[in-house]
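Input: a single structure, listed below in structure tokens.
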Amino acid sequence: MSIADRLASFGVTIFSEMTALALEHDAINLGQGFPNWAGAEFVKDAAARSLVEGGSDQYPPSQGVPALRQAIADRYGPLLGRQVDPVGEVTITCGCTEALAASFLGLIDPGDEVILIEPFYDAYPVFVSMTGAVPRYVTLRPPGFGIDLEELRSTFSPNTRAIVVNNPHNPTGRVFTDEELAVIASLCVEYDVIAITDEVYEEMVYDGDHRRLATYEGMWERTLTLSSIGKTFSLTGWKVGWGIAPPALTAGLRAAHQFLTFTTPTPVQHGAVVAMGATAGFYEDLRSGYQKKRDLLADGLDAVGFQVHRPQGTYFMMAGFDGFGFDDDRAFCRHMVETTRVVAIPPSVFYHRPDDGGSLVRFAFCKDEEILTEALDRLSGLK
Ligand code: PMP
Ligand code: GLN
């Protein structure tokens, strides 16, 4: 009795592992990315009303509560520069995670090649493996973590079926440039490739602009724009996500979604309807609040002696730890929790050659400023 081959090599996720370590050491958890504050009140109120007033106890349609699909179509139409059809082009999923899984399982066949940009979100290679696809990698390197466009070009082949583009990018905090996205787009068109974009950090951009791959020439027809309310509304536990894609790609996503989860819980979908109506001020406050936290943590880590890669987006920050006497990220993270009671993520797990990430550590800054300040105070004991 053992785990199936397609999953056996992946073990327990680094997020579960490091959060367990944080609890064990009563440490400040700057590892797994989740806010320490309550989620957006106006969204919670709407879900609570739907729960109490009734009408949300049974299955909604598999594609999602119609009002939510309409609200998503209304919000994203202008962002994608086109009218989005809530009936044929929007699907509600169990977080962005399920939207990703359904895109893979519904649109990619065994043996197809899938390009992953690494460091990758840890679930991507698992979806590649579950699908029976073949991963190809493009590596982002510090400083800057830009895409090497020659390397990208050489990774596309006639066997390429899809590329996964997480923008803004976890864990580097990179926001891809117009040039990078334009090259990805032109290669997708040239090789007839699907783009699966993971935009869960779309509202956390501090430097530069968030550009959507689906808006590039020839890309609407071949792009799935995936996201969720988890990060933007500080509701990571709700697992309301979605995929926006033209009917042909939506058909693939839905073919898998209807059997993976069928749907996501009804009351939280009703909460998400109201989330989609958030004001411009809400998004501005979110961005400026996170920007302050980014600067606090980046300046603080710099002062402690880390080599900080200041992120342009997301709520993650990569830093080098040269000078602390460790040459392995896992050993360093373990030392850090044991001596300072601060947890971070060893990013070597986000590379297919773990050594490529072995000299970095990832911190999350989705925490109150007092917590970040206390963490920095503790980390000053590292020297
Ligand atoms: N993609 C990325 C890049 C993430 O960081 C996360 C965060 N957990 C997810 C997807 C998953 O999103 P969700 O919680 O909506 O499933
Ligand atoms: N996305 C979060 C992170 O990167 C964690 C998500 C999870 O725990 N699965 O830290």
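Of all helices (runs of 4 or more DSSP H) completely enclosed by segment 1-110, which ones contain at least 1 residues that are β-branched (Val, Ile, Thr)?
Answer list for segment 1-110: 14-24, 41-53, 66-80, 95-107.
Just to be sure I understand, how many residues within segment 208-247 are more than 15 Å from ligand 1 (Cβ to nearest atom) and either at pLDDT 95 or above or among the basic types (Lys, Arg) (or both)? Spell out how you get there, then give the answer.
Going residue by residue through segment 208-247, those that are more than 15 Å from ligand 1 (Cβ to nearest atom) are 208-209, 211-212, 214-223, 245-247.
Checking which are either at pLDDT 95 or above or among the basic types (Lys, Arg) (or both) leaves us with 211-212, 214-223, 245-247.
So the count comes out to 15.
The rows are residues; the columns are (1) of a type outside the set (S, T, N, Q); (2) without any contact (Cβ under 8 Å) to a residue 60 or more places away in the chain; (3) surrounded by 17 or more Cβ atoms within 10 Å (Cβ to Cβ); (4) within 23 Å of ALA245 (Cβ to Cβ).
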| position | (1), (2), (3), (4) |
| --- | --- |
| THR139 | no, no, yes, no |
| GLU150 | yes, yes, no, no |
| ASN159 | no, yes, no, yes |
| THR172 | no, no, yes, no |
| PHE176 | yes, yes, yes, yes |
| ILE184 | yes, yes, yes, yes |
| ILE194 | yes, no, yes, yes |
| HIS210 | yes, no, yes, yes |
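A single entry from THR314, THR250, THR279 fulfils the requirement of being at pLDDT 95 or above, touching a strand residue (DSSP E or B) at 6+ places or on another chain (Cβ under 7 Å) and hydroxyl-bearing (Ser, Thr, Tyr): THR250.
In this structure, does ALA46 turn out to be out of contact with any Asp or Glu (no Cβ under 9 Å at 6 or more places or on another chain) and away from ligand 1 (no atom under 16 Å from the Cβ)? The answer is yes for ALA46.
Being within 16 Å of ligand 1 (Cβ to nearest atom) and outside any strand (DSSP E or B) is the filter here; which residues of segment 111-134 pass it? PRO119, PHE120, TYR121, ASP122, ALA123, TYR124, PRO125, VAL126, PHE127, VAL128, MET130, listed by residue number.
For every residue, the table says whether it meets (1) of a type in the set (Lys, Arg); (2) within 30 Å of HIS335 (Cβ to Cβ); (3) surrounded by 15 or more Cβ atoms within 10 Å (Cβ to Cβ).
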residue	(1), (2), (3)
THR19	no, yes, yes
GLY33	no, yes, yes
ARG82	yes, no, no
LEU105	no, no, yes
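Counting only residues that are in a helix (DSSP H, G or I) and among the hydrophobic types (A, V, I, L, M, F, W, C), which one in segment 332-349 is nearest to the chain's Cα centre (by Cα)? In this case the residue turns out to be VAL349. Scanning segment 1-45 for residues that are of a type in the set (Val, Ile, Thr) and in contact with a helix residue (DSSP H, G or I) (Cβ under 9 Å, 6 or more places away or on another chain) yields VAL12, THR13, ILE14, ILE28, VAL43. Summed over segment 135-163, residues that are under 24 Å from TYR290 (Cβ atoms) and outside any loop (DSSP other than H, G, I, E, B) total 0.
The values are calculated or read from the model by the stated rules, or taken from the named source; none is laboratory data. Just so we're clear, the structure is a prediction, and the values are computed from it rather than from any experiment. Note that we place each Cβ from the backbone using ideal geometry, even for glycine, and neighbour counts take in every protein chain shown.
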